[in-house]
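Asker: Structure incoming, see below.
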Amino acid sequence: MDIPTLKDNTPKTNNVIKKAIGRFMLWCYRWHVEGEVHNAKKFMVILAPHTSYWDFLTNMGTMLALGVHNRWFVADAFCWWPLGYFMRWMGGIPIDRSCPQDLVSFTISKFADHEELILALYPEGTTRKAEKWKTGFWRIAYGAGVPIQFLAVDYEKRASVFGPVIQPTDNIEADMKKIQAFFKDVTPKTPGNFAGEYF
């Protein structure tokens, strides 16, 4: 299996068990990885399209197989024992969706507090059809001053495709158009759930 090598500055995990789990998952799904992970200590990865729970498994397998030390949000409803311990071990950050919280400010502070942090998010926020993407990921990246890398989940290629990296500007519409251009031709697991409207 051809697995891209991470560059020097990319946060890594040396956990051989996690890598083995990830490579086994990719083998089971007949999945592969294209492109390169951004070479920086802090950045955000946005993953799309998100139209099926299978997306989580293919993306998780990709990150584990590569050895990327990344974090991601998970609803605390999935964090009951012993599943919660496993979720945290895999990089999950539990959040309570039933309580109002300023996740943007919270996450910006996390970037400020850590020397290394890769945060992976699904901008659609749901596997159901989302007419508009949530823009919290852009506000986090802009506020934290970190770049955004695109990661496509392409079921025609059966691949996780690491794409361009952008530094958010003060023009959110222009930034979102760049994002739209990259993801518009990606084949999702459930095409009917991918609206393709990003702003």
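Asker: Just want the ordering: Tyr53, Tyr155, from fewest to most Cβ atoms lying within 10 Å of their own Cβ.
Answerer: Ranking Tyr53, Tyr155 by Cβ neighbours within 10 Å, fewest first, gives Tyr53, Tyr155.
Asker: Still on this model: Gln167 to Ala40: extension gain in nm, 0.36 nm per residue of separation minus the Cα-Cα distance?
Answerer: Details: separation 127, 0.36 × 127 = 45.72 nm, distance 1.23 nm.
Gain in length upon complete extension: 44.5 nm.
Asker: Among the listed pairs Lys19/Lys132; Lys110/Lys177; Lys18/Lys178, give every one whose C-alpha distance is greater than 29 Å.
Answerer: Flagged as over cut-off: Lys19/Lys132; Lys18/Lys178.
Asker: Spelling out what I want: for every residue of the range 13-29, take phi, set θ = phi - 60°, compute 6.51 cos²θ - 1.76 cosθ + 1.60 (Karplus), and round to whole Hz; glycine and proline get x.
Answerer: 10, 9, 6, 5, 5, 4, 4, 5, 4, x, 5, 5, 4, 5, 5, 4, 8
Asker: Another question about this same structure. So if R0 is 45 Å, what FRET efficiency would Ser109 and Thr190 give, r being the distance between their Cβ atoms, rounded to the nearest 0.05?
Answerer: Given R0 = 45 Å and the Cβ-Cβ separation, E is 0.80.
Asker: Out of the range 104-178, which trypsin sites (Lys or Arg not before Pro) are coil in DSSP terms and have no more than 16 other C-beta atoms within 10 Å?
Answerer: Filter output for the range 104-178: Arg128, Lys129, Lys132, Lys134, Lys157, Arg158.
Asker: Which of Glu156, Glu34 comes first, and how do the rest follow, when ranked by fewest Cβ neighbours within 10 Å?
Answerer: Listed from fewest to most nearby Cβ atoms, that is Glu156, Glu34.
Asker: Would you please put 39-51, 111-123 in order of how densely packed they are, using the mean number of other Cβ atoms within 10 angstrom per residue and starting with the highest?
Answerer: Listed from highest to lowest mean packing, they are 39-51, 111-123.
Readers should treat all values here as calculations from the given coordinates under stated rules, not as data from a laboratory. In this text, all values refer to a predicted model and were calculated from it rather than measured experimentally. Glycine also receives a Cβ, built like all others from the backbone with ideal geometry; neighbour counts cover every protein chain displayed.
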